[in-house]
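For reference, the structure is listed below as structure tokens.
The values are calculated or read from the model by the stated rules, or taken from the named source; none is laboratory data. Because the structure is a prediction, the values reported are computed rather than measured. Cβ coordinates were reconstructed from backbone atoms using ideal geometry, including for glycine residues, and neighbour counts include every protein chain displayed. What goes into the accessible areas is simple: the full protein's heavy atoms, side chains included, and nothing from ligands, DNA or RNA. Shrake-Rupley method; radii C 1.70, N 1.55, O 1.52, S 1.80 Å.
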Amino acid sequence: MKIPIDDLSDADLAKINKAHAWVTMTVDAHGRHLGRGEAVFEIPDFRVRFVKDNLGLEGKSVVEFGCLEGAHTVALAREAREVVGVDGRASNLEKAKIRCRLYGVTAAFFKGDVEQWVPPAADLYFHCGVLYHLKDPASHLIRISKSTKELFLDTHYTKGPTGTYQCPEDGRTYPCFVYGEAPAGAKAGLQDTATWLRLPDILAILKRSFQEVKVLRDEKERNGLRVSLVAKKVGK
């Protein structure tokens with residue numbers, strides 16, 4: 001497959017990199033960087049490979065929550081029938097569109113706060129690095145679980161809650177950790193604080209809608225504990 005970025009001159013690629021405040025970095029066939037970041041973002045990275053190996057992507061419609069600058073979007077669009085990405089920042093969407101165009105894939109994009117946005121129904125929801133930026137993550141999980149057959153979720157969680165919050169969607173009170181956000185950052189949430197749930201509560205919420213829930217990765221990262229999991233509805 002011909003990939004447009006591979007035919008760009010070094011000068012043109014440098015102009016694109018200079019014109020935008022990138023926070024993620026990918027490479028082309030020549031090893032040149034598109035964007036900037038602490039490390040090269042693989043296409044596909046292990047999270048997209050988790051989805052491909054455990055749920056499959058071919059022929060599916062996918063909604064990507066928090067598409068950032070499109071590195072996951074490119075990988076998903078190479079495999080799926082259609083991809084819709086949503087992000088709360090116009091600057092992120094602009095860069096995601098550029099990355100998709102340069103890597104020769106097509107995706108649709110919407111600007112919106114994923115906590116308020118009503119996503120279209122899809123075969124699969126790809127939900128990576130977003131839940132721990134929300135103020136009411138339990139309500140969000142409950143709502144989106146109604147509109148998809150399969151879910152990939154990658155999120156931080158708390159093992160040492162410092163308080164509680166009441167979920168408007170189900171009326172239950174959940175132990176939580178309140179995390180201070182930096183809303184000006186490209187990777188940050190849209191509010192000044194976010195609510196981190198415990199992993200057992202995340203799993204329990206998902207099991208109300210999905211018959212199969214499988215944890216694929218559960219590790220401690222620089223910013224805290226982080227889990228990757230897949231959830232699937234059976235016979236529907």
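Of the beta bridges DSSP finds with both residues in the chain, what % are antiparallel, to the nearest 5?
Details: 28 of 48 bridges.
Beta bridges within the chain, antiparallel portion: roughly 60 percent.
Can you tell me which of 80, 121, 39 moves the most in a GNM of the chain? Springs connect C-alpha atoms under 10 Å apart.
Judging by the Gaussian network model, the answer is 39.
Checking the table 60/187; 95/220; 97/187; 149/187 against a 23 Å threshold on Cα-Cα, which pairs fail? List each step's numbers first, then the result.
Details: 60/187 27 Å; 95/220 29 Å; 97/187 17 Å; 149/187 28 Å.
Listed pairs above 23 Å: 60/187; 95/220; 149/187.
Would you look at the GNM of the chain, springs on alpha carbons closer than 10 Å, and say which of 92, 223, 17 moves the most?
Of the options given, 223 has the highest mean-square fluctuation.
Please find the FRET efficiency linking residue 27 to residue 169, where r is the Cβ-Cβ separation and R0 is fixed at 45 Å, and quote it to the nearest 0.05.
On the way: r = 42 Å, r/R0 = 0.93.
Here the calculated transfer efficiency is 0.60.
State the Cα centre-to-centre distance between segment 170-203 and segment 33-63 in whole Å.
Measuring centre to centre over Cα atoms gives 24 Å.
Given the alpha-carbon gyration tensor of the chain, what are the semi-axes of its equivalent ellipsoid in whole angstrom, ordered largest first, with each equal to the square root of 5 times an eigenvalue? Mind dumping the intermediate values first?
Numbers: eigenvalues 187, 83, 46 Å².
For the chain, the semi-axes come out at 31, 20, 15 Å.
What is the distance, in nm, between label points placed 7 Å from the Cα along the Cα-to-Cβ direction at residue 162 and at residue 217?
About 2.7 nm separates the two model spin labels.
When the chain is fully extended, how far beyond the present Cα-Cα distance does residue 94 get from residue 193, taking 0.36 nm per residue of separation?
On the way: separation 99, 0.36 × 99 = 35.64 nm, distance 2.55 nm.
Full extension of this stretch gives 33.1 nm more.
How much length is gained on full extension from residue 204 to residue 113, taking 0.36 nm per residue of separation minus their Cα-Cα distance? Display every interim value, and only then the final one.
On the way: separation 91, 0.36 × 91 = 32.76 nm, distance 2.47 nm.
Extending this stretch completely gives an extra 30.3 nm.
Determine the relative contact order of segment 81-236: mean sequence separation of Cα pairs under 8 Å and six or more apart, normalised by residue count, in whole percent. Before the final figure, lay out the partial values.
Numbers: 295 pairs, mean separation 33.0, N = 156.
Here the relative contact order equals 21 percent.
Run through segment 32-137 and list the GluC sites (Glu not before Pro) located in a DSSP loop whose Cβ has at most 10 other Cβ atoms within 10 Å. Don't skip to the end; give the middle numbers.
Numbers: sites: 38, 42, 58, 64, 69, 79, 82, 94, 115; in loops: 38, 42, 58, 69, 115.
Hits after loop and neighbour filter: 38, 58.
Taking only protein heavy atoms and a 1.4 Å probe, what accessible area per residue, in Å², does the chain have with all protein chains in place? Please report the intermediate quantities before stating the final value.
Values: 11100 Å² over 236 residues.
The answer is 47 Å² per residue.
Just want to confirm a number: the relative contact order over segment 1-74, from Cα pairs under 8 angstrom separated by 6+ residues, in percent.
25
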